[in-house]
Structure formats: structure tokens, C-alpha cells
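All remarks here apply to the structure that follows.
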Amino acid sequence: MSDLMILSEPRRGPDLDAAGFALWRLGFRPFYLFAAAFGALSIACWALEFSGLLRRACLRGPIWHAHEMLFGFVFAVVVGFLFTAGRNWSGRPTPTGRTLQALVLLWLAGRVLVLTPFGWAAAVANVAFPLAAAVALARPFIAAGNRRNYFFVGLLVAMSLAVLAVHLGELGVVPGLGWAGIRLGLDRVLVMFSNNGVAGAGAVRNPTLEKLASGAILLLALSDVVPLPSALLASIAATAAVFHLARCVLLKTWRVLNEPIVWVLHVATAWIPIHLALRALAALGTVPGSVATHALTVGVLGGLIVGMITRTARGHTGRPLRGGASEAAMFALVLAAAPVRVFVPLFAPAATIVAVLASAALWCAGFGLYAIRYWPILTRPRVDGRGE
């Protein structure tokens with residue numbers, strides 16, 4: 001993600017930062033913090049459930065694990081980022097204070113309700129959250145005439161439709177629709193993340209290559225709506241992998257090896273062509289589809305998210321964009337979870353359960369460390385005395 005511009009201090013109300021408590025000043029604060037804590041807790045529960053160590057199922061199968069990680073964990077980070085960036089892009093306020101609290105409570109309600117027998121209530125909460133976020137983001141854009149970023153409002157609405165598809169499938173209204181909703185959501189998130197530049201010393205962006213890489217991803221996303229023959233799908237995915245591999249080469253990662261807060265984004269981006277290559281092989285039936293999915297969710301999204309929520313949190317709390325030992329540790333833990341989850345089951349299927357548990361432990365340690373380390377950063381006012 002691009003660095004966010006810092007605007008002047010917003011007007012404060014009595015409900016925003018009583019006694020110096022700044023959690024509700026801007027969207028990135030609660031959503032980054034709660035997403036990290038939830039990401040660690042949810043993965044821990046799923047790993048124990050998958051391995052059989054947790055006999056009472058919490059998420060009722062893989063589709064709910066996928067739903068919670070995509071629409072619970074990832075989507076909370078996306079909304080936190082968009083509320084923060086949206087204020088900068090429009091020059092108008094985005095939710096703070098009690099409005100932000102209400103949106104967080106709606107998100108939390110969805111996380112709790114999926115664990116209960118009240119399927120329709122869970123559906124309402126989970127569909128309502130991205131729609132409410134879309135309205136909250138659209139208001140400053142419309143007020144400022146900022147049509148350039150209407151795309152992100154559309155993205156939130158599309159995500160609500162993907163959530164609805166999952167719930168309709170699981171409630172038996174449209175059987176089989178659930179996994180289509182998951183894939184739709186994953187590809188929309190991939191489009192958003194892959195279209196953003198990665199910081200680095202001397203990194204190059206070739207306009208033609210950028211268009212080809214983005215076009216290939218969009219074509220791949222169309223397969224969610226219009227099923228394609230396996231050979232054609234594999235060809236599109238393989239072509240996209242080549243384009244994104246070329247993008248990675250232009251990043252010149254070797255120049256930023258001494259800056260953890262930058263190289264974590266480079267390593268995560270390198271998982272995009274790996275994911276696309278594995279997806280091409282999965283379309284041909286050569287490898288299980290789950291390895292391609294986890295290359296995306298653990299490798300790409302996990303790495304980009306832990307890097308992004310660190311980088312933007314530091315920038316928006318007045319801290320230098322540099323990582324220390326704790327940041328390097330959390331980055332290494334999350335990034336290590338990806339090859340364990342993807343390659344061990346691929347080359348040693350008998351060790352799949354061990355790999356899942358080990359990968360989950362690394363992931364939970366990384367995001368758990370973020371929640372602990374960044375609690376004081378996200379709940380206290382900026383160190384430079386400005387707003388946010």
C-alpha cells in the first residue's frame with residue numbers, strides 16, 4: 001500500500017480521547033488492533049479443530065474458516081485502511097468516536113454470531129458491515145466530489161455480495177454458492193492488493209507491465225462469474241504469474257534487506273506469482289487447490305497485512321517508518337508460516353496436520369506479538385501531538 005498523507009488535526013469531541021485514550025480517533029486504530037488479535041485467536045481455534053484436538057467444532061468446517069479469515073480478519077484491515085486513507089483522499093472526516101465504535105461492534109457481532117445456531121442473524125450482521133462501511137466511505141467522497149476513489153466504495157459493496165453468497169449457500173437457500181462467494185472475495189482482495197505499489201530503494205514500475213499484470217488478474221477474477229475451461233484458466237493464471245514475477249524483479253529487493261518494514265512487503269509480493277503458478281497447476285489437477293489458496297492467504301495477504309498495519313500505524317501515530325527487533329520478529333514469524341503451510345503438505349502429505357499446527361503457531365505468534373506490541377501505540381495519542 002502507498003504511504004498515507006498526514007492531514008491537519010481533526011476536531012475532537014469528548015467521546016474521542018478521554019484521558020488520552022485515542023483508540024476511536026481514526027479507523028486504523030481499532031480495526032488493526034482487533035483484526036490482529038482476532039486473526040491470531042481464529043487461526044489457533046481452527047488449527048486445533050482441523051487436527052482433531054478441539055473436539056467441539058467452532059467454525060463448522062473449512063468454509064467458515066475461510067469466511068472468518070477473509071471477511072473477518074482481512075476485511076477489518078481493509079476497512080481500517082480505507083477509513084484512514086479516505087479521509088486523506090477526500091479531505092473530509094471519516095468515522096470516529098461513537099460512529100466508529102458502532103461499526104466495530106457490528107463487525108464483532110458478525111464474529112460472534114457465526115459461532116451460534118442463529119445463521120440468519122449472522123448473515124444480516126456480516127452483510128450489513130461492508131454495506132455500512134461503504135456508506136461511511138461514500139459520504140466524504142461524494143461531499144468532496146472525489147469520483148476517482150468511488151472504486152473502493154464499489155469494492156465494499158461487492159464484498160457484501162460475496163458475504164451474502166457464502167451465507168445463502170450455508171443456509172441452504174442456494175446450495176453450493178458458498179465457495180463461489182469465498183473465491184469472489186479472494187479475487188477482489190487480490191485485485192486491490194496487487195494493484196498497489198511496494199516501497200523500496202530504486203523500485204521500478206513499468207506502465208505496460210503494470211497494465212498487463214492487472215489485466216491478467218482481472219481476467220482471472222472473471223472466472224468467478226463465468227466458469228472457464230480448465231486449460232484456459234490455467235493459461236491465464238500462468239500468464240499472470242509471469243507478469244507478476246517480472247514486477248517482483250523490478251522491485252530490487254536486495255536494496256532494502258536492512259529495512260524490515262520494507263522487505264516484508266517485498267517478500268509478500270513475491271508470493272503473488274507463486275500463488276498464480278500454483279493456481280494454474282491446480283486448474284490442471286496437478287496440485288490441490290488448497291495449496292494455491294494458502295499461498296495467497298498466508299503468503300500474500302498475511303505478509304502484506306502485517307507489513308501494512310505496521311507501516312501505516314507508525315506513520316499515523318507520528319513515529320518513524322522504521323522497524324525494530326519486535327517488528328522484524330513479527331514479520332519473520334508471519335512470513336515463515338507461509339512456506340510451512342504451502343510446501344510441507346505439497347511435498348509431504350503425511351505431515352499435513354503437523355504443518356497446519358506449526359504454521360498456525362507461527363502465524364498466531366506473529367499477529368499476537370503485533371497486538372501486544374501495538375496496543376499502546378494504537379490506543380495512545382500521536383507522539384507529535386497532532387490528531388489521529
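The values are calculated or read from the model by the stated rules, or taken from the named source; none is laboratory data. Quantities reported herein were computed from a predicted structural model and do not represent experimental measurements. Positions of Cβ are generated from backbone atoms using ideal geometry, with glycine treated the same way; all protein chains shown enter the neighbour counts. Please note that ligands, DNA and RNA were not included when accessible areas were found on the heavy atoms of the full protein model with its side chains. Shrake-Rupley method; radii C 1.70, N 1.55, O 1.52, S 1.80 Å.
Below, the figures for the structure above:
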quantity: Top-ranked residue of region 55-73 - restricted to ones that are at pLDDT below 80 and loosely packed, with under 15 Cβ neighbours inside 10 Å, ranked as nearest to VAL114 (Cα to Cα); calculated: ARG60
quantity: Some residue of region 297-308 being within 16 Å of ALA268 (Cα to Cα) and open to solvent by 50 Å² or more (accessible area, probe 1.4 Å); calculated: no
quantity: Scan of region 265-280 for residues that are within 23 Å of PHE331 (Cα to Cα) and either of a type outside the set (Val, Ile, Thr) or crowded, with 24+ Cβ neighbours inside 10 Å (or both), ordered by number; calculated: LEU265, HIS266, ALA268, THR269, ALA270, TRP271, ILE272, PRO273, HIS275, LEU276
quantity: ALA102, sole failed condition from (1) small (Gly, Ala, Ser); (2) more than 28 Å from ASP187 (Cβ to Cβ); (3) touching a residue at least 60 places away in the same chain (Cβ under 8 Å); calculated: (3)
quantity: Residue in region 88-95 that is of a type in the set (Lys, Arg), open to solvent by 20 Å² or more (accessible area, probe 1.4 Å) and either closer than 30 Å to GLY315 by Cα or in a helix (DSSP H, G or I) (or both) present; calculated: yes
quantity: Cβ-Cβ under 8 Å pairs, at least 6 apart or on other chains, region 143-156 side closer than 18 Å to PRO93 by Cβ and touching a residue at least 12 places away in the same chain (Cβ under 8 Å), far side among the polar types (S, T, N, Q) and open to solvent by less than 40 Å² (accessible area, probe 1.4 Å); calculated: ALA143/SER90; ALA144/SER90; ASN146/SER90; ASN149/SER90
quantity: Failed item in (1) in a helix (DSSP H, G or I); (2) open to solvent by 10 Å² or more (accessible area, probe 1.4 Å); (3) of a type in the set (Val, Ile, Thr), with THR286 passing the rest; calculated: (1)
quantity: Among (1) within 28 Å of GLY176 (Cβ to Cβ); (2) assigned to a helix (DSSP H, G or I), the one test that LEU115 misses; calculated: (2)
quantity: Where ILE217 falls short, out of the listed (1) of a type in the set (A, V, I, L, M, F, W, C); (2) within 30 Å of LEU276 (Cβ to Cβ); (3) open to solvent by 60 Å² or more (accessible area, probe 1.4 Å); calculated: (3)
quantity: Residue within region 76-84 that is surrounded by fewer than 19 Cβ atoms within 10 Å (Cβ to Cβ) and part of a helix (DSSP H, G or I) present; calculated: no
quantity: Of all residues making up region 224-253, the number that are buried (at least 18 other Cβ atoms within 10 Å of the Cβ), of a type in the set (S, T, N, Q) and either out of contact with any Phe, Trp or Tyr (no Cβ under 9 Å at 6 or more places or on another chain) or closer than 21 Å to THR208 by Cβ (or both); calculated: 1
quantity: Failed condition for VAL174, given (1) out of contact with any helix residue (DSSP H, G or I) (no Cβ under 8 Å at 6 or more places or on another chain); (2) at pLDDT below 95; calculated: (1)
quantity: Filter result for the condition that a residue is in a helix (DSSP H, G or I) and open to solvent by 10 Å² or more (accessible area, probe 1.4 Å), over LEU156, LEU190, LEU164; calculated: LEU164
quantity: Among residues of region 116-132, those that are under 24 Å from the mean Cα position of the chain (by Cα), open to solvent by 70 Å² or more (accessible area, probe 1.4 Å) and at pLDDT below 95, counted; calculated: 0
quantity: Lone unmet requirement of (1) at pLDDT 95 or above; (2) open to solvent by 10 Å² or more (accessible area, probe 1.4 Å); (3) not hydroxyl-bearing (Ser, Thr, Tyr) for PHE141; calculated: (2)
quantity: Hits in region 340-368 - residues which are open to solvent by 50 Å² or more (accessible area, probe 1.4 Å) and under 21 Å from the mean Cα position of the chain (by Cα); calculated: ALA361
quantity: Lone qualifier among GLY323, GLY318 - being out of contact with any Phe, Trp or Tyr (no Cβ under 9 Å at 6 or more places or on another chain), open to solvent by 10 Å² or more (accessible area, probe 1.4 Å) and assigned to a loop (DSSP other than H, G, I, E, B); calculated: GLY318
